[in-house]
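Accompanying notes for the structure given below.
No lab work stands behind these numbers, since they all come straight from the coordinates. It should be emphasised that the depicted structure is a prediction, and the values quoted were computed from it without experimental measurement. In this analysis, Cβ positions are derived from the backbone assuming ideal geometry, glycine residues included, and neighbour counts consider all displayed protein chains.
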Ligand code: BES
Ligand code: MN
Ligand code: ZN
């Protein structure tokens with residue numbers, strides 16, 4: 001989809017549909033909506049008086065003008081709800097709902113006014129970014145393996161029309177950034193929605209490599225032998241049960257000379273059967289998305305390459321299947337991670353922390369800082385936070401603050417979980433330096449304490465996204481399937497480390 005910004009008069013814009021808006025309780029539309037109302041000889045005012053249009057949040061009214069009085073044959077009036085409750089998240093969700101409705105009506109080209117611009121804290125640039133993000137995220141579909149639907153149409157071009165010439169530059173900046181980050185999130189969705197027989201570790205690495213070549217990122221794919229030589233016994237202990245060769249993906253972005261790079265680390269389990277501690281059949285198909293953390297990290301690197309902030313970033317994704325093959329690691333086995341620490345494997349289904357143990361050790365060896373890992377790590381985080389927020393575990397308050405601000409700006413909610421020292425005892429092992437499972441209660445926290453053994457006390461945050469990675473039904477920017485959370489948080493986080501002038 002193309003999102004453009006044009007200066008001009010929305011009543012004169014030639015397009016299949018113009019989108020205007022209305023706050024709840026307004027009896028006479030003002031601004032651009034007012035201009036459309038006047039061009040239509042007060043039609044909107046009349047429909048409001050008659051109670052057909054209320055401006056309630058979620059209300060979308062499609063009117064046909066057949067080209068009389070306006071250059072466009074249709075007007076869509078979007079209800080914004082009350083001005084008090086209106087936020088940038090609502091702009092994004094509204095834009096998603098509009099894009100879906102227009103697509104369903106087979107409208108390919110539309111023009112919109114800027115929802116919310118000029119309202120208190122909502123600046124023009126952020127509004128345009130939210131409109132672009134919403135339109136791209138909301139109209140996303142994963143149809144790679146379906147027969148093409150005959151009447152399937154998606155919105156192709158959305159033009160943000162602005163009559164104040166001074167706002168065109170910030171709106172354009174916002175729209176461009178919105179397209180970049182939403183395309184990155186949709187790239188993560190494509191990877192995570194892909195079935196595991198297509199997206200094997202080899203294919204995952206190939207797609208990361210292709211993206212890196214296209215965007216000018218550095219890329220190295222380590223194979224089993226190279227991982228072996230580096231001592232990644234924990235990662236390879238997971239890979240042993242699978243026929244698919246493991247791949248360790250390394251992507252590098254350099255925007256700040258020889259500054260120490262930030263590390264983004266993502267869990268890349270392309271399918272999680274549980275291994276010998278095999279999972280029950282019901283719902284196991286969802287484990288094709290157990291590489292979502294890795295997908296989000298790879299996708300964030302694409303946006304970073306396009307936005308070119310003055311920072312250095314290195315992304316690490318240990319990719320493998322977790323299978324119960326004849327060579328698989330068994331409960332009771334002891335593995336040695338790259339940092340020399342030994343792990344008693346109590347449960348082969350707690351494999352995410354095993355692959356991350358070596359990825360974090362490698363991040364330390366590469367001298368990355370801070371470290372941010374992203375993983376569909378535990379069902380327990382879903383029990384704690386549901387599908388509303390992902391969990392953040394950290395040893396560094398400043399980093400948590402940055403993450404929270406980055407998530408809030410993106411409309412992706414996160415919540416900090418406790419790291420009280422008492423929880424560490426649960427992963428003590430009689431035969432090794434630690435065990436990979438601490439039991440059911442507080443399972444997400446035990447997992448975080450396990451990862452903490454591999455960060456060498458660097459500033460670190462662990463994002464457990466297992467509750468939010470996949471969604472059941474569409475809602476605002478979310479569509480059924482992979483959510484693409486937290487790609488936009490990660491992009492904002494990286495931008496926050498760049499000097500302000502470079503961030504836009
Ligand atoms: N990939 C799963 C976690 C998961 C569960 C993600 C549901 C998305 C939805 C992870 O590898 C896992 O199996 N974790 C176990 C850990 C336990 C064995 C200590 C869990 O959470 O049950
Ligand atoms: Mn598992
Ligand atoms: Zn898993």
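Roughly how many nanometres apart are two label points built 7 Å out from the Cα toward the Cβ at residue 475 and residue 164?
Taking the two extended label points, one gets 3.4 nm.
From zero outward in steps of 10 Å, how is the percent of C-alpha pairs of region 293-375 spread across the bins?
15, 41, 28, 12, 3
Which three semi-axes in whole Å describe the equivalent ellipsoid of region 374-441, each the square root of 5 times a Cα gyration tensor eigenvalue, listed largest first?
Numbers: eigenvalues 143, 44, 17 Å².
Largest first, region 374-441 gives 27, 15, 9 Å.
Between helix 168-193 and the chain, what is the angle of the helix's C-alpha long axis to the longest principal axis, kept within 0 to 90° and rounded to the nearest 10?
Orientation of helix 168-193: about 40 degrees from the principal axis.
For helix 352-365, what angle does its Cα long axis make with the longest principal axis of the chain, in degrees from 0 to 90 and rounded to 10?
With rounding to tens, the tilt is 90 degrees.
What ranking, highest mean first, results for peptides 128-139, 47-58 when packing means the other Cβ atoms within 10 Å averaged over each residue?
In decreasing order of mean packing, 128-139, 47-58 become 128-139, 47-58.
Once both labels are modelled 7 Å past Cα along the beta-carbon direction, what's the residue 429-residue 342 spacing in nm?
Spacing of the two 7 Å Cα→Cβ label points: 0.9 nm.
What list of whole percents do you get for P(r) of the chain, with Cα-Cα distances grouped in 10 Å bins up to the one holding the largest distance?
4, 20, 28, 22, 14, 8, 3, 1, 0
How compact and how long is region 14-66, expressed as Rg and Dmax of its alpha-carbon atoms in Å?
Here Rg and the maximum Cα pair distance are 10.5, 30 Å.
Could you grab the relative contact order for region 2-162? Cα pairs under 8 Å, six or more apart, rounded to a whole percent.
31 percent
For region 374-504, what number results from the quotient of the Cα radius of gyration and 2.2 N^0.38 Å?
Rounded to two decimals, the normalised Rg is 1.13.
What angle, in degrees between 0 and 90 and rounded to the nearest 10, separates the Cα long axis of helix 292-307 from the longest principal axis of the Cα atoms of the chain?
Here the helix axis deviates by roughly 60 degrees.
Just the Kirkwood number for region 67-192, please: inverse of mean 1/r across all distinct Cα pairs, in Å, one decimal.
Mean inverse Cα-Cα distance, inverted, gives 15.4 Å.
What is the P(r) of region 110-250, as percent of Cα-Cα pairs per 10 Å bin from 0?
Per 10 Å bin, starting at 0, the Cα pair percentages come out as 10, 27, 25, 19, 13, 5, 0.
Take every Cα pair under 8 Å in the chain that's 6+ residues apart, average their separations, divide by the length, and report that relative contact order as a whole percent.
Normalised by residue count, the contact order of the chain is 15 percent.
Calculate, axis by axis, the spread of Cα positions in region 2-162 along the three principal axes, and write the results as whole Å, longest axis first.
Cα spread of region 2-162 along its principal axes, largest to smallest: 48, 37, 31 Å.
What span do the alpha-carbon atoms of region 404-481 cover on each of the three principal axes, reported in whole Å from largest to smallest?
In descending order, the Cα extents are 49, 27, 18 Å.
Order these by the 10 Å Cβ neighbour count, fewest first: 13, 112.
13, 112
Taking the beta-carbon count within 10 Å as an exposure proxy, list 177, 105 from fewest neighbours to most. Kindly include the intermediate steps, with their values, before the conclusion.
Working: 177 23, 105 16.
Going from sparsest to densest Cβ surroundings: 105, 177.
Give me D for region 27-122 in µm² s⁻¹, whole number, from Stokes-Einstein with Rh from the Kirkwood sum over alpha-carbon pairs, 4 °C and 1.567 mPa s.
92 µm²/s
Stick to the Cα atoms of region 226-282, pair each with every other, and give me the Kirkwood hydrodynamic radius in Å at one decimal.
Over region 226-282, the inverse of the mean reciprocal pair distance is 14.3 Å.
Order of 252-258, 464-470, 433-439, 447-453 by packing, highest average Cβ count within 10 Å first?
Numbers: 252-258: 15.4, 464-470: 26.1, 433-439: 20.1, 447-453: 23.6.
Per-residue mean Cβ counts within 10 Å order the peptides as 464-470, 447-453, 433-439, 252-258.
Tell me, what is the percent relative contact order of region 24-109, built from C-alpha pairs under 8 Å that lie six or more residues apart?
Normalised by residue count, the contact order of region 24-109 is 24 percent.
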